[in-house]
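*Asks:* Mind looking over this structure? Questions follow.
The values are calculated or read from the model by the stated rules, or taken from the named source; none is laboratory data. What you are looking at is a predicted structure, and each value in this text was computed from that prediction instead of being measured. Every residue, glycine as well, gets a Cβ built from its backbone with ideal geometry; the counts of neighbours run over all protein chains shown.
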Amino acid sequence: MAINNDASSPTEPSGSSTSSVLDAFHPFYLHPSDTLGTMLVFVPIGGTGFGDWKVGILISLSANKKIQLIDGTLIEPTSNSPLYPHWQCCNKMVKAWIMNLLSKDIAKTILY
């Protein structure tokens, strides 16, 4: 696969490989310890304390190099891009992490 060195492409960072194996610095890379049950913060949001909860989430997502998936700076690749399956997996993992951080009542309202 070709390496995309176009700095203007938000889905394929400069110097990133589009092969089936991503290096640890690629935003779509998931470490083997990144699991569906990973807790980014210890207290799920239940309607109060949103400010502290939000800061905790943003710090954790940033540390995991996943903040770009929620702040709009990393867009979904086209379905024919070699990065698309990686984006799908990573996007679903981040959604699961966020769902784990919501009270059950709130999580039910956004599940679908």
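*Asks:* Cβ-Cβ under 9 Å, sequence separation 6+ or interchain: first residue in the stretch 77-100 and modelled with pLDDT of 85 or more and crowded, with 19+ Cβ neighbours inside 10 Å, partner part of a helix (DSSP H, G or I) and of a type in the set (Phe, Trp, Tyr). Which pairs?
*Replies:* 77/84; 77/87
*Asks:* Being out of contact with any helix residue (DSSP H, G or I) (no Cβ under 9 Å at 6 or more places or on another chain), loosely packed, with under 15 Cβ neighbours inside 10 Å and not in a helix (DSSP H, G or I) is the filter here; which residues of the stretch 44-74 pass it?
*Replies:* 48, 49, 72
*Asks:* For residues that are in contact (Cβ under 8 Å) with a residue 12 or more places away in the chain and hydrophobic (A, V, I, L, M, F, W, C), scanning just the stretch 66-76, find the one that is farthest from residue 34 (Cα to Cα). Reasoning before the result, please.
*Replies:* Here is the first cut: in the stretch 66-76, the residues in contact (Cβ under 8 Å) with a residue 12 or more places away in the chain are 66, 68-70, 73-76.
Filter once more, so that each one left must be hydrophobic (A, V, I, L, M, F, W, C): 69-70, 74-75.
On the way: 69: 15, 70: 17, 74: 19, 75: 21 Å.
Looking at residues that are in contact (Cβ under 8 Å) with a residue 12 or more places away in the chain and hydrophobic (A, V, I, L, M, F, W, C), I get 75.
*Asks:* Identify all residues within the stretch 75-112 that are in a helix (DSSP H, G or I) and touching a strand residue (DSSP E or B) at 6+ places or on another chain (Cβ under 8 Å); write none if there are none. Write out each step before concluding.
*Replies:* Going through the stretch 75-112, the residues in a helix (DSSP H, G or I) turn out to be 84-100, 104-110.
Within the stretch 75-112, 106, 110 meet the criteria.
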